[in-house]
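S.K.: Could you have a look at this structure, given as C-alpha cells, before my questions?
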Amino acid sequence: MKTLVIGAGNMGLTYAEGMAQSAMLNRRNLMVFDKSADVIARLRDLDHFDVYESLEECLPQADMVFVAVKPYHCDDLFEEMKPMVNKEQIFVSLMAGVTIAKIQEGLQVKKVVRSMPNLPAQVGKGVTSYTESPEVSRVELLMVRNLLDTTGESIHVENENYIDASTGISGSGPAYVFYFMNSMLEAARKMGFSKNDSKVLVSQTFEGAVELFNQNDLSPDTWMDRVASKGGTTRAALDSMDDNNVKELIKEAAYAAFDRAVELGEDK
Ligand SMILES: NC(=O)c1ccc[n+]([C@@H]2O[C@H](COP(=O)([O-])OP(=O)(O)OC[C@H]3O[C@@H](n4cnc5c(N)ncnc54)[C@H](OP(=O)(O)O)[C@@H]3O)[C@@H](O)[C@H]2O)c1
C-alpha cells in the first residue's frame, strides 16, 4: 500500500512521522509532497520518507492519498490533482469543513474518507474521527484506520454530521483544556507561586486527573464526590462554578464550535 501525504505542515507532517515511525509502512511506501521549497529541503534533511516536489512523480503511484493542506487551498490543489488520479485510489482528507461530496466532485473520484484530527496527534496522543463514502470497502477502511491510529486513537462515525460534532469536542477541545489551564495558572500566579511552580502544580493536576479517569471506570461526578467533602475546599470551588453556570457555558462553547464547523462546510 503506497501512501502519499500532500501538504507537510503541522498535520500532514505529524501523520507522515506517525506512519514512518510505525510498523505499518516501510520507508519505500511512504511519500510526501509539499509545494514549499523550504519545507522540501527540511524534509530531505530529515530523511524519514521519500520527498517529492512534483505531483506527477508521486500521485499516480499512490494507493492512498492523505490531503493535509488548508481548506482554502483545496480548490487549486484538486484542479492540479484531477488529471493524475484514478478511481481505485483512496483519498483521506484531514481538512476541516471540506465535505466528501466536494472532494468527490473536485477530483472526480469515489473513494473518500473524511477525518477530523486534533493537535495532540503531534505527541502520539491524538484522536481522529473519520467516516467514509460507500465506495470505500471494509478492508480499505481498516487500512485507513491503522494509519490514522499511528498518531493516537481513532473513532469511526456514522456520517459527516458527527465529523462536525467531533470538531466541537476533540478537534477544538485541546484549546478548551488550555483555556482552563490558563485560568488556573493565572490563579496560581496571583496566589504568589513562581511561574515554574505554577506550571508544575497545574500540569501535574491535569495529568493526574486524566490518568485517574482513564485507569478506572468511574464517572467524573463520582471522582468529584471523592475529592469534595461537604463544607470543604473543593466543594466551595465546585459550588462557585455551579453558581456561575460554568458547566452550561462549556457545553455552549462546544456547540459554538460544532455550529461553526457546519457553517464553514456550507460556505465551501
Ligand atoms: N492544525 C490543527 O490542529 C488541525 C486540526 C484539525 C484539522 N486540521 C486540518 O489539517 C489541514 C492542515 O492544517 P495545518 O495546520 O497542518 O496547515 P499548514 O501547517 O499550513 O500545512 C499545510 C502545508 O501544505 C502546503 N500546501 C499548500 N498548498 C499546497 C498544494 N497545492 N500542494 C502541496 N502542498 C501545499 C503548505 O505550504 P504553504 O505554507 O507554502 O502554503 C503547508 O506546508 C487543514 O485543512 C486543517 O483544517 C488541522
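S.K.: Can you compute the charge dipole magnitude of the range 24-147 about its Cα centre, using +1 on each Lys and Arg Cβ and -1 on each Asp and Glu Cβ, nothing else charged? Give it in debye, rounded to the nearest 20.
M.R.: For the range 24-147, the charge dipole is close to 560 debye.
S.K.: Listed highest first by mean packing, meaning other Cβ atoms within 10 Å per residue, what order do 87-98, 133-144, 64-75 come in?
M.R.: Descending packing order for the listed peptides: 87-98, 64-75, 133-144.
S.K.: Rounded to the nearest 5, what % of the DSSP beta bridges within the chain are antiparallel ones?
M.R.: Once the DSSP bridges in the chain are tallied, antiparallel ones form about 15 percent.
S.K.: Going by Cα centres, the range 147-186 and the range 192-268 are how many Å apart?
M.R.: With the range 147-186 and the range 192-268 each reduced to a Cα centre, they are spaced 14 Å.
S.K.: Compare the Cα positions of Thr128, Gly192, Gly232 along the charge dipole of the range 118-248 (+1 at Cβ of Lys, Arg; -1 at Cβ of Asp, Glu; about the Cα centre) and return the one farthest towards the positive end.
M.R.: Farthest towards the positive end: Gly192.
S.K.: Sorting check: for 117-124, 204-211, which peptide has the highest mean count of neighbouring beta carbons within 10 Å, and how do the rest follow?
M.R.: Result, highest mean Cβ count within 10 Å first: 117-124, 204-211.
S.K.: I would also like to ask the following. Bin all alpha-carbon pair distances of the chain at 10 Å intervals from 0 and give each bin's fraction as a whole percent.
M.R.: Values per bin, smallest distances first: 6, 25, 30, 19, 13, 6, 1.
S.K.: Sort the following peptides by mean Cβ neighbour count (other Cβ atoms within 10 Å, averaged over residues), highest first: 76-84, 2-10.
M.R.: Result, highest mean Cβ count within 10 Å first: 2-10, 76-84.
S.K.: Right, something else. Would you mind working out the accessible area per residue for the chain, using a 1.4 Å probe, and quoting it in Å²?
M.R.: 58
The values are calculated or read from the model by the stated rules, or taken from the named source; none is laboratory data. This one's a predicted model, so the numbers in the text were calculated from it and none came from an experiment. For neighbour counting, all protein chains shown are included, and Cβ atoms are generated from backbone atoms with ideal geometry for every residue, glycine included. To get the accessible areas, we keep the full protein, side chains included, count just its heavy atoms, and leave off ligands, DNA and RNA. Shrake-Rupley method; radii C 1.70, N 1.55, O 1.52, S 1.80 Å.
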